[in-house]
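The structure appears below as structure tokens.
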Amino acid sequence: MAEITASGTVHWVGTGLSTGPGGLRAVAASAADVRLWGRTRARAEARTDLAGLAAPRGLDADDLAAALAPGDVLVSMLPATEHPRLLALCLDAGAHFVCSSYVSDALTAADAEARRRGLVVLTESGLDPGLDHLAAHLLVARAREAVGDDVEAADFLSYCGGVPAVPNAFRYRFSWAPQGVLAALAAPARHRADGADRTVRHPWEAVRTLRVGDEEFEAYPNRDSLPYIARYGLPDGWPLRTFVRGTLRHAGWSRAWEPVFATVAEGDPAAIAALAADLAERHPTGPDDRDRVVLSVELAVEGRAGTWHEGYLLDVTGDPAESAMARCVSLPVACGVTRVLAGAVPAGVRTAAHDAAEAASWLAFLNDHGLSLRPFRA
């Protein structure tokens with residue numbers, strides 16, 4: 001079936017901390033109509049920083065399913081658990097779907113139907129996952145051009161973190177649901193280290209010191225890094241000593257969080273839920289707090305012709321108009337939306353930038369909107 005042409009109407013669903021005016025402003029510049037859906041209309045209207053960019057709607061009073069029309073684009077900024085339900089609405093209505101979250105089994109299962117219907121399901125189009133993919137594709141392409149595929153060793157490291165701009169005693173403030181932060185800590189992490197594939201039961205068991213620029217952070221692997229070896233196009237013949245995608249935290253984080261780790265390791269759901277509620281109350285991101293996003297992606301390759309080592313760094317601090325997290329998530333999502341509106345994304349389940357050429361297009365969009373990944377040589 002031919003792909004369904006985007007109608008020009010965008011439904012942005014979710015008014016939480018990852019929704020920022022920068023992203024909505026970029027979408028509004030390309031779309032004919034933008035509608036902002038909050039869990040309630042009051043919550044959508046409360047986002048006065050978004051006034052004039054989108055028409056506020058509420059999931060409590062308005063019928064999203066009835067509002068969706070063929071070719072519309074639905075952007076889900078809700079938790080990943082909500083995505084299957086929203087994607088089902090899109091498939092029923094003939095609408096495209098965009099989110100910043102990882103591809104899940106539920107979304108992958110919709111690939112055949114989306115292709116058959118000519119619909120785009122664009123995922124992993126935010127900060128991490130999202131911007132890290134762009135950097136990875138560009139680095140791999142440049143390394144292959146500089147060194148070739150006959151190499152002796154390669155190391156790939158990608159770390160990202162949202163942290164307080166000014167470190168506090170807890171070394172963290174919650175810019176998203178504590179329950180989600182604790183759930184991520186409870187999940188095993190797979191990565192490659194010293195040439196061997198490793199699984200750590202709890203990510204904090206593999207904390208290391210990482211220098212980013214002139215600053216030291218703590219870094220640890222998360223989720224399953226290994227499928228991205230193929231997705232980033234690293235040649236099969238490269239002997240990979242290191243391949244890891246993980247999280248950055250301020251130095252001293254692991255010591256400050258020892259009591260949290262103890263509760264997470266015990267695995268009692270009730271205790272973890274109670275801890276999440278307590279942490280949300282004690283360590284929120286308040287209106288006067290400034291957050292910071294740091295993303296570092298680097299690739300080092302040792303070949304017969306010499307060593308090649310380059311990377312990308314993103315370091316953004318929030319301001320009164322927009323948090324760093326909202327800016328760094330919403331703008332890449334907006335780029336994905338504009339690509340869907342332009343018919344530049346094929347039907348089916350996709351992720352941000354599948355190769356270096358597409359990654360360069362995304363980076364050009366982000367640069368034009370004031371969000372820049374700075375290349376560096378090590």
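Below, the figures for the structure above:
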{"read-out": "For the range 186-290: rounded, prolate or oblate by the Cα gyration tensor [a/c cutoff 1.5]", "value": "prolate"}
{"read-out": "Ranked packing of 325-333, 116-124, 219-227, most packed first, by mean Cβ within 10 Å", "value": "325-333, 116-124, 219-227"}
{"read-out": "The range 76-207: translational diffusion in µm²/s, Stokes-Einstein, Kirkwood Rh over Cα pairs, 10 °C, 1.306 mPa s", "value": "88 µm²/s"}
{"read-out": "Dipole magnitude of the range 175-256 about its Cα centre (Cβ charges: Lys, Arg +1; Asp, Glu -1), debye to nearest 20", "value": "180 debye"}
{"read-out": "Calculated from backbone phi, Karplus (6.51, -1.76, 1.60) coupling profile of the range 70-82 in Hz, x at Gly/Pro", "value": "x, x, 5, 10, 9, 9, 9, 9, 7, x, 4, 5, 8"}
{"read-out": "Shape call, the range 37-101: gyration tensor on alpha carbons, a/c limit 1.5", "value": "prolate"}
{"read-out": "Calculated from backbone phi, Karplus (6.51, -1.76, 1.60) coupling profile of the range 134-146 in Hz, x at Gly/Pro", "value": "4, 4, 4, 4, 5, 5, 4, 4, 5, 5, 5, 5, 7"}
{"read-out": "Percentage relative contact order, the range 202-318, counting C-alpha pairs under 8 Å, at least six apart", "value": "18 percent"}
{"read-out": "For the chain: rounded, prolate or oblate by the Cα gyration tensor [a/c cutoff 1.5]", "value": "oblate"}
{"read-out": "Normalised contact order of the chain, rounded percent, pairs of Cα under 8 Å and 6 or more residues apart", "value": "24 percent"}
{"read-out": "Mean separation of Cα contacts under 8 Å (6+ apart) over length of the range 251-363, as relative contact order %", "value": "16 percent"}
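The numbers here are math on the coordinates, done by the rules we state, and not lab data. Note that the coordinates shown come from a computational prediction; the quantities given were computed from them, not determined experimentally. Counting neighbours? That spans all protein chains shown, and the Cβs are built from the backbone with ideal geometry, glycine included.
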